[in-house]
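S.K.: My questions will all concern the structure given below.
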Amino acid sequence: MLGELGAAIANGELAPGEVLRSDELQQRYGTSRTVAREVVRVLETMGLTSSRRRVGVTVREPHEWNHYDPRLLRWQLDGANREFALRTLTELRSAVEPCAARFAAVRATPEERGRIRALAVHLQATARARELETFLGHDVAFHDLLLSASRNPMFAQLSSVVAEVLAGRTGHGLMPAEPQPEAVRWHLEVAEAIDGGEADRAERAMRDIVEQARDEIAVAVSSNLNG
């Protein structure tokens, strides 16, 4: 029920201001009152709905939602507004990840530098083998560790956001059959720069990564729309 109702709100099937009553939700989704209440509670913590006695459950305006919640991101990426969600997420990555790479080059521990370097090598190997699912796992781990190594807890908490957009690209066929050699090379360059404490180089290479991802998404979305 949570996934169905949340996705309906996230993708505009239930418009802001629409009021849902508990008995209607139970009937629509064939569930108990206890389950319906728990689902509504979760949606309220995400900012998607609000409840008032004798009124019911009201769908809130999009600007009130917690757009960093991975569940909301997943629903949006799975829905009709995928293009918009990908664009906003990529803009966020462009603003944050280059700075995170710069700080990681200065603040990462020796162990983190080694792990980032190892993940970049794994990315190179799985890209050549066209093992996209394995590549995705290494890519998520690479960006998660980079954000963590920045030693900025606000950056680190964006890890799940980045993971969702990376998974969304692969899951919805918006990745090339073989990851672009330039992108793989830039991951290696980021790793080398962080390992060597080269902040400018790390920031520059990471910016190249997110800008290429933005361009690839735009091309893939356009191709899907025209195909």
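The values are calculated or read from the model by the stated rules, or taken from the named source; none is laboratory data. Treat the numbers as computed from the prediction; the structure is a model and nothing was measured. Note that we place each Cβ from the backbone using ideal geometry, even for glycine, and neighbour counts take in every protein chain shown. Side chains included, ligands, DNA and RNA excluded: accessible areas come from the protein's heavy atoms. Shrake-Rupley method; radii C 1.70, N 1.55, O 1.52, S 1.80 Å.
S.K.: When the residues of the range 103-132 are filtered to those that are open to solvent by 80 Å² or more (accessible area, probe 1.4 Å) and without any contact (Cβ under 8 Å) to a residue 12 or more places away in the chain, which remaining residue is farthest from Glu203 (Cα to Cα)? Talk me through it step by step, then tell me what you get.
M.R.: Let us first name the residues in the range 103-132 that are open to solvent by 80 Å² or more (accessible area, probe 1.4 Å), namely 106-107, 110-111, 115, 117, 122, 128, 130-131.
This time we only want the ones that are without any contact (Cβ under 8 Å) to a residue 12 or more places away in the chain, so: 110-111, 131.
Details: Pro110: 19, Glu111: 20, Glu131: 27 Å.
The residue in question is Glu131.
S.K.: While we're looking at this one, here's another question. Picking from Arg71, Arg28, which residue would you name as being under 26 Å from Thr90 (Cβ atoms), open to solvent by 40 Å² or more (accessible area, probe 1.4 Å) and either assigned to a helix (DSSP H, G or I) or among the β-branched types (Val, Ile, Thr) (or both)?
M.R.: Details: Arg28 fails: under 26 Å from Thr90 (Cβ atoms).
It is Arg71.
Residue-wise test of (1) crowded, with 16+ Cβ neighbours inside 10 Å; (2) part of a helix (DSSP H, G or I); (3) at pLDDT 90 or above; (4) among the small types (Gly, Ala, Ser).
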{"residue": "Ala15", "(1), (2), (3), (4)": "no, no, yes, yes"}
{"residue": "Glu24", "(1), (2), (3), (4)": "no, yes, no, no"}
{"residue": "Val40", "(1), (2), (3), (4)": "yes, yes, yes, no"}
{"residue": "Glu44", "(1), (2), (3), (4)": "no, yes, yes, no"}
{"residue": "Ser50", "(1), (2), (3), (4)": "no, no, yes, yes"}
{"residue": "Asn66", "(1), (2), (3), (4)": "no, no, yes, no"}
{"residue": "Trp75", "(1), (2), (3), (4)": "yes, yes, yes, no"}
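S.K.: So which residues in the range 25-49 are among the hydroxyl-bearing types (Ser, Thr, Tyr) and within 17 Å of Glu13 (Cα to Cα)?
M.R.: Of all residues in the range 25-49, those among the hydroxyl-bearing types (Ser, Thr, Tyr) come to 29, 31-32, 34, 45, 49.
Correct list: Tyr29, Thr49.
S.K.: Turning to a different aspect of this structure: Given (1) modelled with pLDDT of 95 or more; (2) open to solvent by 50 Å² or more (accessible area, probe 1.4 Å); (3) over 24 Å from Gln76 (Cβ atoms), where does Ala149 come up short, assuming only one miss?
M.R.: Status for Ala149: all satisfied but (2).
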